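Enquirer: A single structure is presented below for examination.
Bear in mind these aren't lab numbers, they're just calculated from the coordinates by the rules spelled out. These numbers come from a predicted model, not from an experiment. With ideal geometry, Cβ positions are generated from the backbone for all residues, glycine too; neighbour counts draw on all protein chains shown.
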Amino acid sequence: MDDVEQYSPESARRLREATAALAAALERFTDGAAAMHGGSAEMPGLVALVDAVQAAAVDWQERAADHTGTYVLPLDTDALDLGPDEDDEDDDEDDEGPVEITDAISVVSRWDLGVVDGDALVAAGRAAHRRMRPEEDDADTAVAVDGPAMAVQALLHEQGEPWYEVDGLQVLHGARVFLRPDVLDVPEVEAEDEVLDPFLDDPVDAVLPPPGQVVFSEGWS
């Protein structure tokens, strides 16, 4: 935008236009969000509504500054002192004091999984997703579990991480990556005991992720 004189008819006109655009974006967001139930299939639409509101708010901020020389909206919320958060207060009440870490253990593993029935795996993953998210319908579940990798993620998520239940341990960090390897070496055997373990020669190197497309990743801290 070209520079415009403050408190001029032109700066006032631009401010009114930006105000109308922001109001319309807020109205669309309200109508769209009010009709949602929080399902996975609705997330792309929600993101689009959020982006539209944010873009309109930034434009309104600039038009207000052009007219008045003042930035009005607290768009940088990190710079604000919003007071104590209720959740933080609850956390403080439940906190039993600092925990002394006397040692640390890193557990690193890798499992190469061969999909022998993709439809059955996806169905099992979607069933797990529905058990964890009963408010989601079939369309939401199809988006959340869109293939074998996300089916495995849903099944593991339902099972839970055992480290959180072990006495004497506190989870410091955790990460898990699902990927589709570029080269998959699957021996054709009839009996499980005939499968040669490819990790016996060098299990340390074996836990490194193979080259491939990362499908999904998640972390804990």
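Enquirer: Per residue, how much space in cubic angstrom lies within the convex hull of the C-alpha atoms of segment 9-76?
Expert: Numbers: hull volume 5.1 nm³, N = 68.
Convex hull of Cα atoms, per residue: 75 Å³.
Enquirer: Let me ask something additional. Using mean Cβ contacts within 10 Å as the protection proxy, how do 203-211, 46-54 order, highest first? Walk me through the intermediate numbers first.
Expert: Numbers: 203-211: 10.6, 46-54: 14.3.
Sorting 203-211, 46-54 by mean packing, highest first, produces 46-54, 203-211.
Enquirer: Report, by chain and number, residues whose modeled amide H sits under 5 Å from the one on G212, excluding near sequence neighbours (fewer than 5 apart, same chain).
Expert: For G212, the qualifying residues are D182.
Enquirer: Could you sort the peptides 167-176, 101-110, 114-123, 138-147 by per-residue average Cβ neighbour count (10 Å cutoff), highest mean leading?
Expert: Working: 167-176: 9.9, 101-110: 7.4, 114-123: 12.4, 138-147: 17.3.
Descending mean neighbour count gives 138-147, 114-123, 167-176, 101-110.
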